[in-house]
Amino acid sequence: MRIRPSCLPISAEVLATVDSRLQMDECLRQLHVVTPEGEIRVGRDAVACLARLFPSTWLIGTLGQRFPFRNAGRLLYGFVAKNRYSLSKCRGGACRIAKPEEVRRQAKLGAFWSCYTLGFFIRQPLVLWAGIKAAAQRMSIFAQTYHGRLDLLNGKLTILFLNGLLPNTVPLLFGELFTAIIYDGIAIDPGSAKMRWSLARHLRQAEPKIAKVIATHAHEEHVGNLNWLAEYTAAPVYVSEMTARFLTPFKKLPWVRATMIGQPPNLKQPYRRLGETVDTDSSYLQVIPTPGHCDDHIALYDPKEKVLLAGDAFMGSYFATPNPDSRGR
């Protein structure tokens, strides 16, 4: 039968109801555990007793009762218990305002820095493992989507995963995937010039019908292929009034972004301004201003299918707002 431990506050009234042998001062100095058999375990022995109750820590609790782990554990527990107020950011357990600088000034040098040094070395393997695991996950997702496409809603919605020699570093380092959307005859956010070969490859393979080209906002990974795709498909470009201002002319990018993603060209005439709605092959999309990721950001909503094309307002696992590119309007 599994025993479920219960945590009780340290007060004279509570201790008296649990076991008359429990003393307030002693309980404040060290952890006390009262077993179902009425035994009282103290300090490191109490930690080991609790650890044996859970599968994930059972081995630690079992080894903690054996030499030399028991002796080393008692020494370490005694050191932390003796210096707990010096080691804590919340002096005396009163966590009103944590002031590590004040703790460093008042704490004994040995106690404070030995604790933080030990914590640093304990955390390093965990941090390293978390980084390796996250990198492996990013590489796995990148490999699964490389040159890939998804067809949804019986082909009404197609997601094209875009690649490029230098742009590929972004999904590998940060996990952000580059995509272009084709929705009911409308191409949305066709990528940057350095992803053009990938986009052209998709178009040659699938030959989708494209009647309009739209950008949700003026970031370089979304607008670099607007002119090219409009010429390739003979489809007009539609952008919001603010996006048109940002693209005529397009500002000079910082060299890192220009090198990795590509400097977009200025938007060519003729292009058309988006209104409140835009027609698709079978219905229409509502054009919704969604500033936050950037000032000119829009989202497109199909009320019939209840599908929202959110651009970069939502980027797979997190909401990309607020963003430094937005002035909060």
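Considering Pro254, Pro303, Pro270, the condition of being loosely packed, with under 13 Cβ neighbours inside 10 Å, closer than 18 Å to Leu157 by Cβ and either among the small types (Gly, Ala, Ser) or out of contact with any Cys (no Cβ under 8 Å at 6 or more places or on another chain) (or both) is satisfied by Pro303 alone. Here Pro289 meets each of (1) surrounded by 18 or more Cβ atoms within 10 Å (Cβ to Cβ); (2) in contact with a His (Cβ under 8 Å, 6 or more places away or on another chain) with one exception, condition (1).
Filter the range 177-214 down to residues that are charged (D, E, K, R) and buried (at least 16 other Cβ atoms within 10 Å of the Cβ) and give me whichever is farthest from Arg257 (Cα to Cα).
The qualifying residue farthest from Arg257 (Cα to Cα) is Asp184.
Contact map, the range 292-304: residues that are without any contact (Cβ under 8 Å) to a residue 60 or more places away in the chain paired with residues that are surrounded by 24 or more Cβ atoms within 10 Å (Cβ to Cβ), Cβ distance under 7 Å, separation 6+ or inter-chain. Pairs shown: Tyr301/Leu285.
Regarding Tyr183, is this residue among the aromatic types (Phe, Trp, Tyr) and under 31 Å from the mean Cα position of the chain (by Cα)?
Details: among the aromatic types (Phe, Trp, Tyr): yes; under 31 Å from the mean Cα position of the chain (by Cα): yes.
So Tyr183 fits the description; yes.
Within the range 163-179, being among the hydrophobic types (A, V, I, L, M, F, W, C) and free of Cβ contacts under 8 Å to residues at least 40 places away in the same chain holds for Leu165, Leu172, Leu173, Phe174. Of all residues in the range 44-70, those satisfying the criterion of being touching a helix residue (DSSP H, G or I) at 6+ places or on another chain (Cβ under 7 Å), outside any helix (DSSP H, G or I) and modelled with pLDDT under 85 are Gly64, Gln65. Of everything listed in (1) among the charged types (D, E, K, R); (2) modelled with pLDDT of 90 or more; (3) farther than 23 Å from Asn168 by Cα, the single unmet condition for Arg257 is (3).
The values are calculated or read from the model by the stated rules, or taken from the named source; none is laboratory data. Quick caveat, the model's predicted, so the values are computed rather than measured. In this analysis, Cβ positions are derived from the backbone assuming ideal geometry, glycine residues included, and neighbour counts consider all displayed protein chains.
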